[in-house]
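Novice: Dumping the structure here so I can ask a few things about it.
The values are calculated or read from the model by the stated rules, or taken from the named source; none is laboratory data. Bear in mind that the values here come from a model prediction, so they are computed numbers and not experimental data. Glycine gets a Cβ as well: all are built from the backbone with ideal geometry, and neighbour counts include every protein chain shown. Side chains are part of the model used for accessible areas, which takes the heavy atoms of the whole protein and leaves out ligands, DNA and RNA. Shrake-Rupley method; radii C 1.70, N 1.55, O 1.52, S 1.80 Å.
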Amino acid sequence: MQFVKPLIVLLRIVDGEKPSMGYIYEGMDRVKEAIRTFFAGNQDRYGPIWDVIDRRWHNLLHRPIHAAAYFLNPAYQFSPHFKADDEVWSGLYDVVERMSSNSAVSTDIVREIELFKKAQGDLFARELCKKIGQH
């Protein structure tokens, strides 16, 4: 049952009182990595568990909003370990498109995302934003 512990930790975060949307995407990656590590990288042992998790994740929980929330979470964005793969970018842009049918507004949002990524501009260059990513 030890390999279930990371999943329980994620469920407690999701079920907690603090907003958790920005932590679900990264949390699921951590859960899967912890399970792989527990089984010493033996795919025959962790693979069936990952299959169950992936079926639930992809059928019930995995939505573009989770990838966008991960991307826009300063705690991850400004971390040296942050990674945004194609799935994250796709989710982010899906959310932008869904939020605004006006292409000019969507373009402005994409520009702001670039400033956010680079920690530039009046808002995103503030020390507070940079400190959040260091924790």
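Novice: Tell me the carbon and sulfur percent of the accessible area for the chain, rounded to whole percent, probe radius 1.4 Å.
Specialist: That fraction is 55 percent.
Novice: Now for a different question. Let me know the volume per residue of the alpha-carbon convex hull for the chain, in Å³.
Specialist: That works out to 131 Å³ per residue.
Novice: Leaving ligands, DNA and RNA out of it, rank ILE65, ILE49 by accessible area with a 1.4 Å probe, largest first. Walk me through the intermediate numbers first.
Specialist: On the way: ILE65 75, ILE49 35 Å².
Result, largest first: ILE65, ILE49.
Novice: Return the FRET efficiency for the residue pair PHE3, ASP94: r is the Cβ-Cβ distance, R0 is 30 Å, and the value is rounded to the nearest 0.05.
Specialist: Values: r = 32 Å, r/R0 = 1.07.
Rounded to the nearest 0.05, the efficiency is 0.40.
Novice: If DNA, RNA and ligands are ignored and the probe is 1.4 Å, what is the ranking of HIS62, HIS81 by accessible area, most exposed first? Each step should come with its number before you reach the end.
Specialist: Details: HIS62 35, HIS81 155 Å².
Greatest to least solvent exposure: HIS81, HIS62.
Novice: A further question follows. Post the alpha-carbon centroid distance, the range 1-16 to the range 27-51, in whole angstrom.
Specialist: With the range 1-16 and the range 27-51 each reduced to a Cα centre, they are spaced 14 Å.
Novice: Going from most exposed to least, what order do HIS66, HIS58 have by accessible area with a 1.4 Å probe?
Specialist: HIS58, HIS66
Novice: With each run of n ≥ 4 DSSP H residues scored as -39500 (n - 2.57), what mean residue ellipticity at 222 nm is computed for the chain after dividing by its residue count and rounding to the nearest 500 deg cm²/dmol?
Specialist: The per-residue figure over the chain is -22000 deg cm²/dmol.
Novice: If you roll a 1.4 Å probe over the heavy atoms of the protein chains, what accessible area per residue do you get for the chain, in Å²?
Specialist: 69
Novice: Where a Cα-Cα gap under 18 Å defines reach, which aspartates and glutamates qualify for LYS5, not counting those fewer than 8 residues away within the same chain?
Specialist: ASP15, GLU26, ASP29, GLU33, ASP51, ASP54
Novice: Okay, next question. Lys and Arg at +1, Asp and Glu at -1: add these up for the other residues within a Cβ distance under 14 Å of PHE38 and post the number.
Specialist: +3
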